[in-house]
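Okay, so here's the structure we're looking at.
The values are calculated or read from the model by the stated rules, or taken from the named source; none is laboratory data. What you see is a predicted model, and the numbers here were worked out from it, not measured in a lab. For neighbour counting, all protein chains shown are included, and Cβ atoms are generated from backbone atoms with ideal geometry for every residue, glycine included.
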2 protein chains.
Amino acid sequence: MRFLALLILIIPLAAAADPLPSWNEGATKRAITAFVAAVTEADSPDFVPEPERIAVFDNDGALWVEQPLYTQLAFVLERLRELAGDHPEWREEQPFKAALEGDKAALGEAGMEGVMQLLMATHAGMTSTELDAIAADWLKTARHPRFERPYTELVYQPMLELLDYLRENGFKTFIVSGGGIAFLRPWTERVYGIPPEQVVGSQIALEYKLVDGEPTLVRQPEIAFVDDKAGKPVGIWRHIGRRPIMAFGNSDGDYQMLEWTTAGEGRRLGLLLHHDDAEREYAYDRESHMGRLDKGLDDAADKGWILVSMQRDWARVFPE
Amino acid sequence: MRFLALLILIIPLAAAADPLPSWNEGATKRAITAFVAAVTEADSPDFVPEPERIAVFDNDGALWVEQPLYTQLAFVLERLRELAGDHPEWREEQPFKAALEGDKAALGEAGMEGVMQLLMATHAGMTSTELDAIAADWLKTARHPRFERPYTELVYQPMLELLDYLRENGFKTFIVSGGGIAFLRPWTERVYGIPPEQVVGSQIALEYKLVDGEPTLVRQPEIAFVDDKAGKPVGIWRHIGRRPIMAFGNSDGDYQMLEWTTAGEGRRLGLLLHHDDAEREYAYDRESHMGRLDKGLDDAADKGWILVSMQRDWARVFPE
């Protein structure tokens, strides 16, 4: 019985430890923990059964840095410059022209669909396995221009804690990204604890065929799905088949995802990360070419969405 | 310590109980249990880590009855007949003509894409929530013409046991169906223990918009994806992002799913259910309009796929 006694002693201590140490005390943190308590406590009027505890997260700017360029765009641009000599037509056509000239305004205008077009042109005809390997290799060696660290280390420590905290409370966590799934899936499990089957994102068309007798999925020069803006609720429904009870984003690309999530019946939580911390990360919103937050900033209060202030709410930004 | 002693006594007994009581002893059952042991035992050369233990299952004819008609087709035909008066053009156009005339050969020819066209025509403009509700209601009242039971009771008892057995061994089980996801997701969790987010299937295009101010997903008159034949590996990759280590099907619609699964590196298991039991269920293969098994029957031995004989391998077919 000594073992049991020990357990009885340890469990309340563990439960009392702060699961969100990188979140400063305040209204935002209280809103998160109150929501989780409300949907998980068995006697709560807002109780939600475990299988329905679906939480969705944008990736760029919500789980990792998206400035000065979406990471996937940085990846694609390298390859685009290598191939540009063979493609004189790119100097006239958008979004290629913007990409080669480093025209961030035009790139921002082209949005996630533009990123997918660039990805498609630079990586068409590859097999899904080949692209996975190339993206994984690039992520190992590439460094962020300002922070000089691998991109997969520029994930937000408070968000890693939030993902863990939700999962410990019976939530199933999904990424719902405007970026391509092929670029995300090779590393989301290791970095975020989110397995490939819980990554929803934009997709290039694939064709199954035998190549030298080997069953192969070959990437086609066609965008199958753009998981951005009004595409996000569609992507969630097609992939998950349930309406989430919690959504976390940071830009107007996440507006409809938050709108659809929080308009559901019962208790819901919508959060938008406001990048207002030029010192530790970046400060941008309405005028930014990447991750513009304009309509969301206007409507958050009316919709009951919480604006997370990076400066005020986060004790630290990146992992050690 | 008495409690612990009891546990020590109980655990080996529980482990020794047959997890597949509806499977007859023989080569098929041995192949399944040997495969599971090989990929789960820590010291096995074929060990596969839990997150990679992905098993995919066709639905029609693999988990439930598909004769005399795919259940989804029976559902669609009722609605089609109701609407036919308003659509004189259906008397000339395929697959509508075949459906109204009960021409099974032509319906079989139109395949899963045909079923999706019928579903689209009969249920366009509905919201995803409305269709879910209609399908769920229909399944509650509809009865199979021969067995006179609800379709959701005409699932195969040995397959329910197999799904449980795999999950107990750390597998994640997915349905990969040629049928539409909207028709499956409302009940797969209750009947098979497979949650909506683990159902891959054919899809109608959806549009997100505000209807009377309410965020809504509206079904469009366009097929977004046909998850059949060469579409199955594509659907698996897009949805799951991992190559399964085990696949279970029953028709040539599952051929590429088994081919792709079993061509992967390491130990793999491919199974095809052969419906050879006219007495307890149905006997059909090469000539059937629904669930034709022809090429799979020719190639199973060469490919190392196991033909499950319903007559020989299953002690019982349906739950009590």
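Among what's in region B:215-233 and is facing chain A (nearest Cβ under 7 Å) and assigned to a strand (DSSP E or B), pick the residue that is surrounded by the most Cβ atoms within 10 Å (Cβ to Cβ).
Across region B:215-233, the extreme among qualifying residues is B:217.
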Extreme residue, nearest to the other protein chains (Cβ to nearest Cβ), among residues of region A:166-193 that are assigned to a loop (DSSP other than H, G, I, E, B) and either crowded, with 22+ Cβ neighbours inside 10 Å or not aromatic (Phe, Trp, Tyr) (or both): A:185
Residue in region A:192-215 that is modelled with pLDDT of 95 or more, over 19 Å from the mean Cα position of the chain (by Cα) and closer than 30 Å to residue A:311 by Cα present: no
Candidates B:174, B:147, filtered to the one that is in contact with a strand residue (DSSP E or B) (Cβ under 7 Å, 6 or more places away or on another chain) and of a type in the set (Phe, Trp, Tyr): B:174
Long-range neighbours under 8 Å by Cβ, at least six apart or interchain, first residue on the phi < 0 side of the Ramachandran plot within region A:21-48, second surrounded by fewer than 14 Cβ atoms within 10 Å (Cβ to Cβ) and part of a helix (DSSP H, G or I): A:44/A:37
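Restricted to region B:234-265, and to residues that are more than 7 Å from chain A (Cβ to nearest Cβ) and part of a loop (DSSP other than H, G, I, E, B), which residue is surrounded by the fewest Cβ atoms within 10 Å (Cβ to Cβ)?
Within region B:234-265, the subset more than 7 Å from chain A (Cβ to nearest Cβ) is B:235-236, B:243-255, B:257-258, B:261-262, B:264-265.
Now drop any that are not part of a loop (DSSP other than H, G, I, E, B), which leaves B:243-245, B:250-251, B:264-265.
Details: B:243: 24, B:244: 29, B:245: 23, B:250: 27, B:251: 27, B:264: 13, B:265: 7.
Restricting to residues being more than 7 Å from chain A (Cβ to nearest Cβ) and part of a loop (DSSP other than H, G, I, E, B), the top hit is B:265.
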Test result for residue A:152, of a type in the set (Val, Ile, Thr), within 13 Å of chain B (Cβ to nearest Cβ) and in contact with a helix residue (DSSP H, G or I) (Cβ under 9 Å, 6 or more places away or on another chain): no
Residues within region A:38-52 that are surrounded by fewer than 22 Cβ atoms within 10 Å (Cβ to Cβ) and either touching a Leu at 6+ places or on another chain (Cβ under 8 Å) or not in a loop (DSSP other than H, G, I, E, B) (or both), tallied: 5
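Being among the β-branched types (Val, Ile, Thr) and either modelled with pLDDT under 95 or under 14 Å from the mean Cα position of the chain (by Cα) (or both) narrows it down to one of A:236, A:240, A:245, so name that one.
Going through A:236, A:240, A:245 in turn, the sole match is A:236.
State all residues of region A:194-212 that are at the interface with chain B (Cβ under 7 Å from one of its Cβ atoms) and touching a Leu at 6+ places or on another chain (Cβ under 7 Å); if no residue qualifies, say none.
Here is the first cut: in region A:194-212, the ones at the interface with chain B (Cβ under 7 Å from one of its Cβ atoms) are A:195-197, A:199, A:203, A:206, A:208.
Selection gives A:199, A:206, A:208.
For residues in region B:266-275 being buried (at least 23 other Cβ atoms within 10 Å of the Cβ) and assigned to a strand (DSSP E or B), which is nearest to the other protein chains (Cβ to nearest Cβ)? Explain how you work it out, then say what you get.
Restricting attention to region B:266-275, the residues satisfying the condition of being buried (at least 23 other Cβ atoms within 10 Å of the Cβ) are B:269-273, B:275.
Now narrow it down to the ones that are assigned to a strand (DSSP E or B): B:269-273.
Details: B:269: 16, B:270: 12, B:271: 17, B:272: 17, B:273: 21 Å.
Result: B:270.
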Selection from region B:293-317 of residues that are farther than 22 Å from residue B:54 by Cα, surrounded by fewer than 19 Cβ atoms within 10 Å (Cβ to Cβ) and not aliphatic (A, V, I, L, M): B:294, B:295, B:298, B:299, B:302, B:309, B:311, B:312, B:316
Any chance residue A:22 is more than 22 Å from residue A:257 (Cβ to Cβ), polar (S, T, N, Q) and surrounded by fewer than 16 Cβ atoms within 10 Å (Cβ to Cβ): no
Checklist (1) surrounded by 13 or more Cβ atoms within 10 Å (Cβ to Cβ); (2) in contact (Cβ under 8 Å) with a residue 40 or more places away in the chain; (3) not in a loop (DSSP other than H, G, I, E, B) applied to residue A:130, failing item: (2)
Residue within region A:219-232 that is under 18 Å from residue A:133 (Cβ atoms) and either touching a Ser or Thr at 6+ places or on another chain (Cβ under 8 Å) or not basic (Lys, Arg) (or both) present: yes
Any hit, region B:95-103, residues being part of a helix (DSSP H, G or I) and either among the acidic types (Asp, Glu) or buried (at least 23 other Cβ atoms within 10 Å of the Cβ) (or both): yes
Filtered residues of region B:251-292 (kept if in contact with a His (Cβ under 7 Å, 6 or more places away or on another chain) and under 22 Å from residue B:27 (Cβ atoms)): B:281, B:283, B:285
